[in-house]
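Have a look at the structure below, then the notes.
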Amino acid sequence: MSEPVVFENVTKIFWGSKRVVRALDNASFKIPSKTVAGLLGPNGSGKTTSFKLVMGFLKPSSGKVSVFGVDPWVRGESVRRRIGYLPEKPVYPDVPVYRYLRYVAKVRNASEEDVSRIVRLVGLSGYVWMNTRGLSRGYLQRLGLAQALIGDPELLLLDEPTANLDPLSRREILELIKDLKKELGITIVIATHILPELQEVVDYLIYINRGRVVESGMLEELATRYYVDAYYYIEVEEPRKLASRLVVEDYVRGVEIRDKSLVVRINAAFKEELLRVLSLPEYSIGIRRVEMLTSELGELYEKLSGSSR
């Protein structure tokens with residue numbers, strides 16, 4: 001099965017009356033299926049342009065964009081039926097929430113049952129008869145997620161989904177995205193320049209700056225390559241016994257004891273050292289699961305930013 005999104009040497013140039021803007025410059029990357037990918041970079045780096053190319057709204061100046069194995073510019077309508085899209089600044093008609101979502105469902109050949117299910121999924125059940133103009137910013141983002149999810153898309157594109165939200169609303173939207181990741185099992189791409197909370201959500205990363213792709217790959221792989229701290233979850237029968245062994249290791253930055261588990265913070269480059277300790281006979285029998293939860297995305301972003309200067 002091919003990756004949902006593939007960019008091969010893509011350049012996109014906008015010709016203005018006074019200047020030429022190279023929004024993307026020979027950009028190449030792939031987004032694996034069923035990952036949550038972060039498309040990261042400063043404002044104006046080419047993130048929104050990339051989304052519009054994926055949707056088939058723009059044609060590349062050169063190079064090739066492939067979405068589900070086809071050219072979205074040529075077969076835009078068939079591609080867009082498989083994509084849910086939340087733009088950075090969505091505009092909604094001044095109508096009740098449910099009426100708007102029913103209209104979206106009609107356009108996408110979805111049922112009223114689908115609308116009701118998605119309303120529950122995004123937490124809008126108590127707001128369906130409220131006019132869109134009466135919703136807070138946080139609930140407008142929930143509405144945006146709802147309209148993007150109607151029609152059961154295989155690919156979800158979220159452009160700055162937490163921008164301009166207060167801390168509580170931002171937290172709620174991120175928790176909602178985490179729930180979508182668990183429940184839907186689809187590919188999600190989040191374009192943003194807001195980092196710390198994103199590290200709980202993404203497992204794949206594309207860093208783009210001035211239209212150029214600086215780096216891309218699985219988060220664990222990049223954390224190891226750039227010597228960034230990572231958090232590993234260890235499900236173990238005797239967490240205190242293992243914690244007392246790990247805290248003496250120089251590469252261990254912190255250990256949090258939970259019920260029958262540990263969260264261990266280490267420099268990701270020392271993963272093999274951690275696995276060596278976990279393989280020792282006195283610990284390995286009681287260990288049921290080891291996985292990386294996340295890494296210090298802000299630290300990784302700084303290193304990638306420095307390498308692109």
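The values are calculated or read from the model by the stated rules, or taken from the named source; none is laboratory data. Computed from a prediction, not measured in an experiment: that's the story for all the values here. Using ideal geometry, Cβ is built from the backbone for each residue, glycine included, and neighbour counts are taken over all protein chains shown. Surface accessibility is based on the protein's heavy atoms, side chains included, excluding ligands, DNA and RNA. Shrake-Rupley method; radii C 1.70, N 1.55, O 1.52, S 1.80 Å.
Taking the range 99-120 as the range and being surrounded by 17 or more Cβ atoms within 10 Å (Cβ to Cβ) and either modelled with pLDDT under 90 or not in a helix (DSSP H, G or I) (or both) as the test, only 110 passes.
Residues that are within 22 Å of residue 179 (Cα to Cα), of a type outside the set (Ser, Thr, Tyr) and part of a strand (DSSP E or B): does the range 147-154 have at least one? Looking for residues that are within 22 Å of residue 179 (Cα to Cα), of a type outside the set (Ser, Thr, Tyr) and part of a strand (DSSP E or B), one finds none in the range 147-154, hence no. Kindly provide the set of residues from the range 122-146 that are open to solvent by 20 Å² or more (accessible area, probe 1.4 Å), closer than 16 Å to residue 102 by Cβ and either free of Cβ contacts under 8 Å to residues at least 12 places away in the same chain or assigned to a helix (DSSP H, G or I) (or both), ordered by number. Within the range 122-146, 125, 127 meet the criteria.
A single member of 74, 65 is among the aliphatic types (A, V, I, L, M), at pLDDT 90 or above and open to solvent by less than 40 Å² (accessible area, probe 1.4 Å), and it is 65.
Just to verify a result, which residue in the range 1-28, among those that are acidic (Asp, Glu) and open to solvent by 50 Å² or more (accessible area, probe 1.4 Å), is nearest to the chain's Cα centre (by Cα)? Let's see the steps before the verdict.
Taking the range 1-28 first, the residues acidic (Asp, Glu) are 3, 8, 25.
Among the residues that remain, those that are also open to solvent by 50 Å² or more (accessible area, probe 1.4 Å) are: 3, 8.
Values: 3: 16, 8: 21 Å.
Per the criteria, the residue is 3.
Among the conditions (1) hydrophobic (A, V, I, L, M, F, W, C); (2) in a helix (DSSP H, G or I); (3) over 21 Å from the mean Cα position of the chain (by Cα), residue 74 misses just one, which is (2).
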